[in-house]
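Beneath this line is the structure, given in structure tokens, with notes to follow.
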Amino acid sequence: MNCLVTGGTGFIGGALVHRLVKEGHKVRVLDNDLRGTKERLHDVFTEIELVQADIRDREAVENACKGIDCVWHLAFLNGTEFFYSKPDLVLDIGVKGMVNIIDGCIKAGVKKLILASSSEVYQTPPVVPTDEYAPLSIPDPLNPRYSYAAGKIISEIMAINYGRKYFEKVIIFRPHNVYGPAMGWEHVIPQFALRMRKLCQESSEAKIKFPIQGTGKETRAFVFIEDFIDGLILLMDKGEHLGIYHIGTMEELTIEDVAIEIGKYFGRGVTVVAGELAKGGTLRRCPDISKIKKLGYQPGYKFSDGLPVTVKWYDENSNLFGRKNI
């Protein structure tokens, strides 16, 4: 197929582009490198078409949709730090970008749209593990954190309701804590890895005191990038029209567990020092992946497999910290 990937120079987008190229699809990428970098795609430059443009640029998006069979819409402003510090920009990119993609697809006759959403849309779930039928919610509209969730909820509702009329297939996927080498700086694993590295350099103690937000008993389930991309390709082939799918693992870990595992990489024990949890932070999150497993999805990486590879990258590339893009 002829595929358009918006946000294709980002962490997930770049991995998706590589897989699509490997599987023989023609790929056009639209990104402005706000969060990503085209260098992620250096080894496939000659095999893709790269459009450097802002997803909020209506004309650029319309042009990018021409001749396309399937649009993968990943362009958004991710990273928890930005939810709090730049909520207006998060919404501007998210909502205007989604409007442009819908309009661009309709104008160009694109019949297949695959949308990246988020576990943030259901914020604090009523049941854990959480399936795709959990109610979507914004607990506090005054909390800037929910700018991201609001943008994703709007995107889901638009995709579904325009999808009924204008598309042959619309699929929504919700990533659950995707991680891997070069995933960016504004996420828990790279932040923990860099802080742990620094503390280990400053102290020879066998056990490191490691300050965190919250008690450390908060939970997440992490999915390694390779497993995640397997899930995306599976959805392209087998996902149902207007289907919503959680992609992740059901290996639920406490944040304390994460800190301890990162400490093991550096050969140190860890004592977590509790701190204040960010306002709006979710205490427990783990996806129910039964729905996508019925299509054949089966993650192969345990956290103990993928974490050392990821921490090793940040350990060896700590000199890059502070660069906008990696």
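Over the stretch 1-49, what is the relative contact order in whole percent, taking alpha-carbon pairs under 8 Å and six or more residues apart?
44
Between the stretch 123-146 and the stretch 1-61, what is the C-alpha centre distance in whole Å?
A separation of 30 Å, based on Cα centres.
Short version: ³J(HN,Hα) in whole Hz for each residue of the stretch 58-65, in order, from phi by Karplus 6.51 cos²θ - 1.76 cosθ + 1.60 (θ = phi - 60°), x for Gly and Pro, what are they?
Residue by residue, the stretch 58-65 yields 4, 5, 4, 5, 4, 5, 5, 7 Hz.
How much of the pair distance distribution for the stretch 171-266 lies past 20 Å, counting alpha-carbon pairs only, in percent?
47
Specify the residue with the greatest mean-square fluctuation among Tyr84, Tyr314, Tyr148, computed from a Gaussian network of the chain linking alpha-carbon atoms under 10 Å apart.
Highest fluctuation of the listed residues: Tyr84.
Over all alpha-carbon pairs in the stretch 34-184, figure out the percentage whose distance exceeds 22 Å.
Taking all Cα-Cα pairs of the stretch 34-184, the fraction more than 22 Å apart is 45 percent.
Just to be sure I follow the rule: in the stretch 176-297, considering lysines 8 or more places apart or on different chains, how many pairs have Cα atoms under 30 Å apart?
Qualifying lysine pairs in the stretch 176-297: 19.
Rounded to the nearest 500, what is the 222 nm mean residue ellipticity of the chain from helices alone, with -39500 (n - 2.57) per DSSP H run of 4+ residues and division by all residues?
Taken over the chain, the calculation gives -12500 deg cm²/dmol.
Hey, if you put +1 on the Cβ of every Lys and Arg and -1 on every Asp and Glu Cβ in the stretch 201-289, which of Gln213, His246, Gly263 ends up farthest toward the positive end of that dipole?
So the residue furthest toward the plus end is Gln213.
Given all pairs of different Cα atoms, what value in angstroms does the Kirkwood hydrodynamic radius of the chain take?
20.2
With charges only on Cβ, +1 for K and R and -1 for D and E, what is the dipole size of the stretch 8-128 about its Cα centre, in debye, rounded to 20?
320
Hey, which aspartates and glutamates would be in cross-link range of Lys22, C-alpha to C-alpha under 14 Å, not counting anything within fewer than 8 residues on its own chain?
Straight-line reach from Lys22, under 14 Å: Asp43, Glu47, Glu226, Asp230.
Step through the residues of the stretch 120-136 one at a time and calculate ³J(HN,Hα) from phi using the Karplus curve (6.51 cos²θ - 1.76 cosθ + 1.60, θ = phi - 60°), rounding each to whole Hz and writing x for Gly and Pro.
5, 5, 10, 6, 9, x, x, 9, 10, x, 10, 8, 6, 9, 4, x, 7
Mind putting a number on the dipole of the stretch 185-326 about its Cα centre? Charges go on the C-beta only, +1 for Lys and Arg and -1 for Asp and Glu, and I need it in Debye to the nearest 20.
300
How large is the charge dipole for the chain, taken about the Cα centre, if only the Cβ atoms of Lys, Arg (+1) and Asp, Glu (-1) carry charge, to the nearest 20 debye?
160
Round to a whole angstrom and tell me the spacing of the C-alpha centers of the stretch 152-169 and the stretch 189-217.
43
In a shell of Cβ-Cβ distance under 11 Å around Gly300, excluding Gly300 itself, what net charge do Lys and Arg (+1) and Asp and Glu (-1) give?
With Lys, Arg at +1 and Asp, Glu at -1, the net is -3.
Which of the aspartates and glutamates could a cross-linker span from Lys111 if the Cα-Cα distance has to be under 15 Å and same-chain partners fewer than 8 positions apart are dropped?
Output for Lys111: Glu62, Asp69, Asp103, Glu168, Asp237, Glu240.
Using only the alpha carbon atoms of the stretch 217-326, find the Kirkwood hydrodynamic radius as the inverse mean reciprocal pair distance, in angstroms to one decimal.
About 16.2 Å, per the Kirkwood formula over Cα pairs.
Any idea which of Pro135, Ser318, Ala159 is furthest toward the positive side of the dipole for the chain, if Lys and Arg beta-carbons carry +1 and Asp and Glu beta-carbons -1?
With unit charges placed on the Cβ atoms, the residue in question is Pro135.
Roughly how tilted is helix 188-202, in degrees to the nearest 10 and between 0 and 90, from the longest Cα axis of the chain?
With rounding to tens, the tilt is 30 degrees.
Out of Leu142, Leu199, Leu77, any idea which swings most in a Gaussian network model of the chain, alpha carbons joined below 10 Å?
Among Leu142, Leu199, Leu77, the largest GNM mean-square fluctuation belongs to Leu142.
By per-residue mean of other Cβ atoms within 10 Å, what is the highest-first order of 26-35, 288-297, 130-139?
26-35, 288-297, 130-139
FYI, it's all coordinate maths here, none of it is from the lab. Quantities reported herein were computed from a predicted structural model and do not represent experimental measurements. In this analysis, Cβ positions are derived from the backbone assuming ideal geometry, glycine residues included, and neighbour counts consider all displayed protein chains.
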